[in-house]
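One structure is given here, and the rest of the page talks about it.
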């Protein structure tokens, strides 16, 4: 099994903020599936968000409940300093989340799930597609990208929700990090998850260095 040694692959500027996050106690029952012309419909809000501009809840990969502090020590899939089940050196170790470990499916029901790497790549590809308009704007008090499908006028808003490292909110209003359901199996020490990374200057990208133990956002999809 893999021991937990972490190496930074992408270095980002250190930015910590004091984050006042809106209550999301009712966010699980009010989501809507939005057709923006892709192979899946995207939720109109982050998982746990009470509105489209709310940051929502943060999750470690493979956990289905949010928490205030995100550490290696309190991560569900670590025991005695070793990763368990996902991404271990045993034949058949899965790279994809089981339905019972998919926070979107558990919280919203069987019609919803976390996006795949391919779903995220498809969304990222619209950044340069003339049928789409990406606008960096403020909604509900938070900065992020509005993605509008010009063929039908539908849009979604992805807030720059940053991440939670231990109990510190970082990069809020500057970066958005969104989890996929897939572990990066060839990464050093299997610590990383594929996901969406976005920021104003360079737009969106498929990211492969989201740390599985940190708190990141989830934007559910519906088939």
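A few notes on this one:
- For region 212-223, a residue qualifies if it is outside any loop (DSSP other than H, G, I, E, B) and within 21 Å of residue 35 (Cα to Cα), and the qualifying residues are 217, 221, 222.
- Any chance residue 20 is assigned to a loop (DSSP other than H, G, I, E, B), surrounded by 12 or more Cβ atoms within 10 Å (Cβ to Cβ) and either at pLDDT 60 or above or more than 16 Å from the chain's Cα centre (by Cα) (or both): no
- Some residue of region 79-100 being over 20 Å from residue 172 (Cα atoms), outside any strand (DSSP E or B) and within 14 Å of the chain's Cα centre (by Cα): yes
- Those residues of region 165-211 which are surrounded by 22 or more Cβ atoms within 10 Å (Cβ to Cβ), in a loop (DSSP other than H, G, I, E, B) and at pLDDT 95 or above, in sequence order: 172
- Check on residue 162, buried (at least 18 other Cβ atoms within 10 Å of the Cβ) and touching a residue at least 24 places away in the same chain (Cβ under 8 Å): yes
- Taking the conditions (1) surrounded by 23 or more Cβ atoms within 10 Å (Cβ to Cβ); (2) over 15 Å from the mean Cα position of the chain (by Cα) in turn, residue 153 satisfies each one other than (1).
- Criterion: surrounded by fewer than 14 Cβ atoms within 10 Å (Cβ to Cβ) and over 21 Å from residue 215 (Cβ atoms) - qualifying residue of 126, 135, 65, 69: 135
- Meets criteria (farther than 20 Å from residue 222 by Cα, touching a residue at least 24 places away in the same chain (Cβ under 8 Å) and within 17 Å of the chain's Cα centre (by Cα)) for residue 116: no
- Of the candidates 60, 49, the single residue that is touching a strand residue (DSSP E or B) at 6+ places or on another chain (Cβ under 8 Å), buried (at least 16 other Cβ atoms within 10 Å of the Cβ) and closer than 26 Å to residue 204 by Cα is 60.
The values are calculated or read from the model by the stated rules, or taken from the named source; none is laboratory data. What you see is a predicted model, and the numbers here were worked out from it, not measured in a lab. Ideal geometry is used to build each Cβ from the backbone, glycine not excepted, and the neighbour counts take in all protein chains shown.
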